[in-house]
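The structure under discussion appears below in the form of C-alpha cells.
The values are calculated or read from the model by the stated rules, or taken from the named source; none is laboratory data. As the structure is a computational prediction, the values presented were derived from the model and not from experiment. Here the Cβ positions follow ideal geometry from the backbone for every residue, glycine too, while neighbour counts run over all protein chains shown.
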Amino acid sequence: MAPLDAAQAAARTQVPLTRPVALDKPGVIADLEFDLPPPGPSADSTLIVGVRIEEQKAKAMLARSGMIAKGGLPARIRLQNLSGTHLSDIMLTRIGDDLNERVPLGPDGLTPGVRQESVNGAMLRDVGLIKPGTIYNVLAFGFAVAPPPGRYQLSVELLEKRPQLKGQQAELVIAYNGKSK
C-alpha cells in the first residue's frame with residue numbers, strides 16, 4: 001500500500017496506528033480509543049505502546065534514539081478494554097534494567113522511560129505507515145501480553161520536562177510485535 005499522508009495516518013483507529021506527539025513537556029500526549037484486531041500471521045500477540053522516530057540515516061537515528069532514551073522518559077500509561085459490560089484495565093509490562101527482566105507496571109501505570117523494541121513492520125507497511133527509504137526506531141513505554149481483540153482506550157501522560165527534545169518529531173505507535181524467526 002502507498003504510504004499514508006499525515007492526515008490519513010492520524011485518522012486510523014485500528015492497530016497498527018500512529019499519532020504525532022511532542023516529547024518536551026509534561027502532560028497528556030495521547031488519549032484515544034482504537035480497535036484492536038487479532039494479530040496477523042507475521043505478528044506476535046504482544047501489543048507495544050511506544051514512540052516511533054524516523055530518520056534518513058542510521059547514524060542520525062542512533063543519536064536521536066539515544067537522546068530520547070537517555071535520562072528516561074517517565075510516563076503514566078493506562079490501557080483499558082472497552083469491550084464488554086464494564087471497563088477493564090489491561091496490565092502493562094516493561095523491560096527491566098538488565099534487559100531480560102520483565103517488570104509489571106503498577107496500578108498507577110508509571111514507567112521510568114522507554115526501551116528499544118521492535119514492531120511488526122509488515123503490518124505497518126500493509127496499512128501505509130512506512131515510507132520507502134526511511135529508517136524507523138521504536139522506543140516502548142511498555143507492552144501488553146496477548147490482549148483480546150476489541151475496543152480500547154489508551155492514555156499516555158509524560159511526567160517531566162525534556163526541553164532538549166523540543167522540535168524533535170516523534171509519533172505514538174501502537175502495534176503488535178513481530179514474530180521471532
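Quick notes on this structure:
- Leading residue by the ranking (modelled with the highest pLDDT) among those in the range 32-57 that are polar (S, T, N, Q) and farther than 11 Å from ALA175 by Cα: GLN56
- Output for the range 88-103, where each listed residue is touching a residue at least 12 places away in the same chain (Cβ under 8 Å) and either surrounded by 10 or more Cβ atoms within 10 Å (Cβ to Cβ) or within 15 Å of the chain's Cα centre (by Cα) (or both): ASP89, ILE90, MET91, LEU92, THR93, ARG94, ILE95
- Checking each residue in the range 68-87 for being under 17 Å from the mean Cα position of the chain (by Cα) and surrounded by fewer than 17 Cβ atoms within 10 Å (Cβ to Cβ) picks out ALA69, GLY72, ARG76, GLN80.
- Test: residue in the range 52-63 that is surrounded by 18 or more Cβ atoms within 10 Å (Cβ to Cβ), out of contact with any helix residue (DSSP H, G or I) (no Cβ under 7 Å at 6 or more places or on another chain), on the phi < 0 side of the Ramachandran plot and of a type in the set (A, V, I, L, M, F, W, C): no
- Looking across the range 122-181 at every residue that is assigned to a loop (DSSP other than H, G, I, E, B) and of a type in the set (S, T, N, Q), the one that is modelled with the lowest pLDDT is identified as SER180.
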